[in-house]
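Remarks on the structure that follows.
Just so you know, all these numbers are worked out from the coordinates, no wet-lab data involved. Keep in mind that this is a model prediction, so the values were computed, not measured. Note that we place each Cβ from the backbone using ideal geometry, even for glycine, and neighbour counts take in every protein chain shown.
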Amino acid sequence: MRLAFDMNPLERRLICQNINALQKNRPALFLDRDGVLIEDRHHLSNPEDVALCQGALELLLYAQKSSWPVIVITNQSGIARGYFNWKDYEKVTQKMLSLLGKPCPIAAIYANGYGPDAPANSWRKPNPAMLFAAAKEFEINLHQSLLVGDRLSDLKAGANAGLKTIFHVMSGHGHSERPAIERLRDKSNHFLGENHQPELILIPSLKAFPMHLLTPDPIT
């Protein structure tokens with residue numbers, strides 16, 4: 001496991017698996033963290049408050065068995081807002097990984113601490129920069145990749161990265177954002193991305209994720 005400190009103090013990534021051991025040009029499963037992988041606690045900083053969302057462990061273990069790398073991409077604006085620091089974030093991350101068990105079913109975690117005033121090319125979602133960084137580092141086939149998020153910004157990041165299919169869950173902020181997402185979907189066929197509109201699937205939680213999409217065979 002390797003923690004990478006990027007030149008930008010608000011961007012970090014944790015490599016949890018051996019990159020060289022992963023098959024190249026495979027699709028990946030991208031997950032938001034708070035509200036998707038773990039319960040949303042609103043600027044979570046206490047590791048004692050970490051709890052996995054329903055269906056999270058089962059999904060990750062199935063993805064691991066099917067040789068799909070799981071990449072977590074998370075906005076952590078609490079850092080820019082001064083609510084917690086990177087050390088607090090790392091303690092939360094370690095608690096999450098301990099709940100997931102070994103061998104770690106996550107390939108990497110990309111995080112940024114930007115606030116709402118982040119520059120246009122930053123890692124903060126809905127910018128796709130974290131997905132692009134992961135795709136370059138792990139040689140991922142983005143076009144065939146999947147993403148699960150609870151916020152519109154998650155979905156737009158996936159669309160802006162050219163992903164094939166995007167899932168919106170009702171956990172976390174999903175319950176409050178679902179009506180707006182449905183209205184936007186009905187109003188425009190391109191509400192997620194101007195140049196690419198992925199398939200959007202609405203599910204109640206990770207327990208309803210269609211596991212058959214995580215085929216163990218390479219996708220070309």
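In table form, for the structure just shown:
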{"read-out": "Residue order, fewest to most surrounding Cβ atoms within 10 angstrom, among MET130, MET170, MET211", "value": "MET211, MET170, MET130"}
{"read-out": "Sites matching chymotrypsin sites (Phe, Trp or Tyr not before Pro) across region 10-84 that sit in DSSP coil, with at most 15 neighbouring C-beta atoms within 10 Å", "value": "TYR83"}
{"read-out": "Net lengthening on full extension, ALA208/ASN141 (0.36 nm per residue, minus Cα-Cα)", "value": "21.7 nm"}
{"read-out": "Scattering curve values for the chain, log₁₀ I(q)/I(0), Debye with Cα scatterers, q = 0.10, 0.12 Å⁻¹", "value": "-0.39, -0.58"}
{"read-out": "Estimated dipole of region 133-220 in Debye, rounded to 20 [Cβ of Lys and Arg +1, of Asp and Glu -1, Cα centre]", "value": "240"}
{"read-out": "Whole-number percent relative contact order across the chain, with pairs defined as alpha carbons under 8 Å at least 6 apart", "value": "24"}
{"read-out": "Inter-site label distance for TYR83 and ASN195 at 7 Å from Cα along Cβ, in nm", "value": "3.3"}
{"read-out": "Eligible lysines near LYS65 by straight Cα distance, threshold 19 Å, same-chain separation 8 or greater", "value": "LYS24, LYS102, LYS207"}
{"read-out": "DSSP bridge orientation in the chain - percent antiparallel, rounded to nearest 5", "value": "30"}
